[in-house]
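Working notes for the structure below.
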Amino acid sequence: MTLDAAPLFIDVHPAPLTGAAYWTTAADGVRIRVGCWQPDPAKGTVLLFPGRTEYVEKYAPSAAALAARGFATLAVDWRGQGLADRLHEDRRLGHVNQFLDYQQDVAAVLDAARTLGMPEPYFMLGHSMGGCIGLRALYDGLPVNAAGFTGPMWGIRISPHLRPVAWALGHMMPVIGQGHRLPPGTIIDSYILTADFDDNLLTTDVEMFDMMRDQLTAHPDLALGGPSFVWLREALQETLALSRMPAPNLPCDTFVGTNERIVHVGRIHQRMDSWDDGNLHLIQNGEHEVLMEDARTRAGIFDTLAHRFADAA
């Protein structure tokens with residue numbers, strides 16, 4: 001497997017650990033980007049699966065925190081976001097043809113980790129949509145010794161009276177040729193570039209909020225807006241399918257903010273209640289992106305993950 005050098009933007013909020021980025025190609029020909037950060041020596045590698053709209057630079061601080069605890073990190077720009085191939089002519093639209101296509105990206109990430117000689121054993125850390133993709137990958141045999149999740153999208157937070165409407169529109173709109181339209185309540189522009197910090201859904205930490213905004217302002221090609229109806233249909237079907245499966249048999253720690261307002265918190269509790277070697281940690285007053293909360297909160301999460309990963313190595 002050949003990996004070509006790709007851009008890694010370090011002109012705004014550079015991380016204390018030097019990283020590198022590479023292009024790789026999934027089995028269906030879609031080009032994605034991976035970013036890696038590797039301390040020397042390293043106890044193993046964390047395969048970091050970001051959420052919808054995210055990009056590898058956003059996780060440079062997380063990679064630095066993991067490196068300080070002895071772990072290398074390999075993060076990914078999923079198809080349709082970051083610098084990976086976008087799947088619609090309007091690059092602001094979040095879209096995927098079918099949710100299982102992300103598993104082709106997972107396979108490419110694993111191949112890239114091995115090609116780059118990233119140290120084993122491997123571990124997985126999935127945030128939001130990356131937590132959904134990662135859970136499916138565990139069922140498919142992803143060779144990791146332990147897993148961590150933050151605000152995992154094991155369900156989407158939708159008001160109970162609107163959930164049937166979301167299902168109906170998600171299935172009907174693609175049938176009538178409107179699958180690339182935005183669902184009600186979403187916008188085509190990036191949330192982080194349009195939201196005010198006050199009462200935003202992502203973080204209570206202004207420094208991390210500013211970091212995300214600065215990165216997208218400096219590099220607008222990284223930005224992504226709302227999802228398509230096709231993405232909504234696929235996400236609803238995948239999260240429901242996963243909810244009906246038993247918990248995987250490996251060690252796991254999951255973190256969710258007590259002020260989570262994006263993903264379905266009930267599904268997270270249901271999943272972790274049945275995970276024999278799994279712990280659920282509630283981050284008091286935390287929003288959706290607990291890895292983008294204040295420094296003390298982040299340190300506690302990474303300490304817990306490092307202990308879990310080290311015990312499973």
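For the range 190-211: of the residues being exposed (fewer than 13 other Cβ atoms within 10 Å of the Cβ) and in a loop (DSSP other than H, G, I, E, B), which is modelled with the lowest pLDDT? Of everything passing the filter in the range 190-211, D199 is modelled with the lowest pLDDT.
Could you tell me whether L8 is among the hydrophobic types (A, V, I, L, M, F, W, C), modelled with pLDDT of 95 or more, under 30 Å from Q178 (Cα atoms) and surrounded by fewer than 24 Cβ atoms within 10 Å (Cβ to Cβ)? Please lay out each step first, then the result.
Details: among the hydrophobic types (A, V, I, L, M, F, W, C): yes; modelled with pLDDT of 95 or more: yes; under 30 Å from Q178 (Cα atoms): no; surrounded by fewer than 24 Cβ atoms within 10 Å (Cβ to Cβ): yes.
Against the criterion (among the hydrophobic types (A, V, I, L, M, F, W, C), modelled with pLDDT of 95 or more, under 30 Å from Q178 (Cα atoms) and surrounded by fewer than 24 Cβ atoms within 10 Å (Cβ to Cβ)), L8 does not qualify.
The residues in the range 263-313 that are aliphatic (A, V, I, L, M), in contact with a Pro (Cβ under 9 Å, 6 or more places away or on another chain) and buried (at least 20 other Cβ atoms within 10 Å of the Cβ) can be counted, and the count is 4.
Across the range 270-294, what is the number of residues that are under 22 Å from T203 (Cβ atoms) and not in a loop (DSSP other than H, G, I, E, B)?
Residues of the range 270-294 under 22 Å from T203 (Cβ atoms): 280-294.
Next, only the ones that are not in a loop (DSSP other than H, G, I, E, B) stay: 280-283, 290-292.
Matching residues across the range 270-294 total 7.
Pairing residues of the range 85-100 that are at negative phi with residues that are of a type in the set (F, W, Y) and crowded, with 16+ Cβ neighbours inside 10 Å, at Cβ distances under 8 Å and at least 6 apart in sequence or on separate chains, gives G94/W231; H95/W231; V96/Y102; V96/W231.
Quick check on G141: is it over 29 Å from T203 (Cβ atoms) and either more than 17 Å from the chain's Cα centre (by Cα) or assigned to a loop (DSSP other than H, G, I, E, B) (or both)?
Working: over 29 Å from T203 (Cβ atoms): yes; either more than 17 Å from the chain's Cα centre (by Cα) or assigned to a loop (DSSP other than H, G, I, E, B) (or both): yes.
Answer is yes for this residue.
May I ask you to say which residue of A241, A235, A223 is modelled with pLDDT of 95 or more, in contact with a strand residue (DSSP E or B) (Cβ under 7 Å, 6 or more places away or on another chain), among the small types (G, A, S) and on the phi < 0 side of the Ramachandran plot? Exactly one residue qualifies, and that residue is A235. Residues in the range 212-246 that are part of a loop (DSSP other than H, G, I, E, B), more than 16 Å from the chain's Cα centre (by Cα) and crowded, with 17+ Cβ neighbours inside 10 Å: 2 in all. I'm checking my understanding of the structure. Among residues of the range 82-135 that are in a helix (DSSP H, G or I) and out of contact with any Phe, Trp or Tyr (no Cβ under 9 Å at 6 or more places or on another chain), which one is surrounded by the most Cβ atoms within 10 Å (Cβ to Cβ)? Within the range 82-135, the match that is surrounded by the most Cβ atoms within 10 Å (Cβ to Cβ) is A108.
Just to verify a result, which residue in the range 144-168, among those that are assigned to a loop (DSSP other than H, G, I, E, B) and more than 26 Å from N285 (Cβ to Cβ), is farthest from the chain's Cα centre (by Cα)? Please lay out each step first, then the result.
Looking only at the range 144-168, we keep the residues that are assigned to a loop (DSSP other than H, G, I, E, B), and these are 144-146, 151-155, 157-162.
Right, trim to more than 26 Å from N285 (Cβ to Cβ) and you get 144-146, 161-162.
Working: V144: 17, N145: 19, A146: 17, H161: 28, L162: 25 Å.
Among residues in the range 144-168 that are assigned to a loop (DSSP other than H, G, I, E, B) and more than 26 Å from N285 (Cβ to Cβ), the one farthest from the chain's Cα centre (by Cα) is H161.
For V175, the criteria (1) closer than 20 Å to F99 by Cβ; (2) of a type in the set (V, I, T); (3) under 25 Å from the mean Cα position of the chain (by Cα) hold in every case but one, which is (3). In the set L250, L291, L282, only one residue is under 23 Å from R69 (Cβ atoms) and more than 19 Å from the chain's Cα centre (by Cα); that residue is L250.
The values are calculated or read from the model by the stated rules, or taken from the named source; none is laboratory data. It should be emphasised that the depicted structure is a prediction, and the values quoted were computed from it without experimental measurement. Neighbour counts are summed over all protein chains in view; Cβ atoms, including those assigned to glycine, are modelled from backbone coordinates with ideal geometry.
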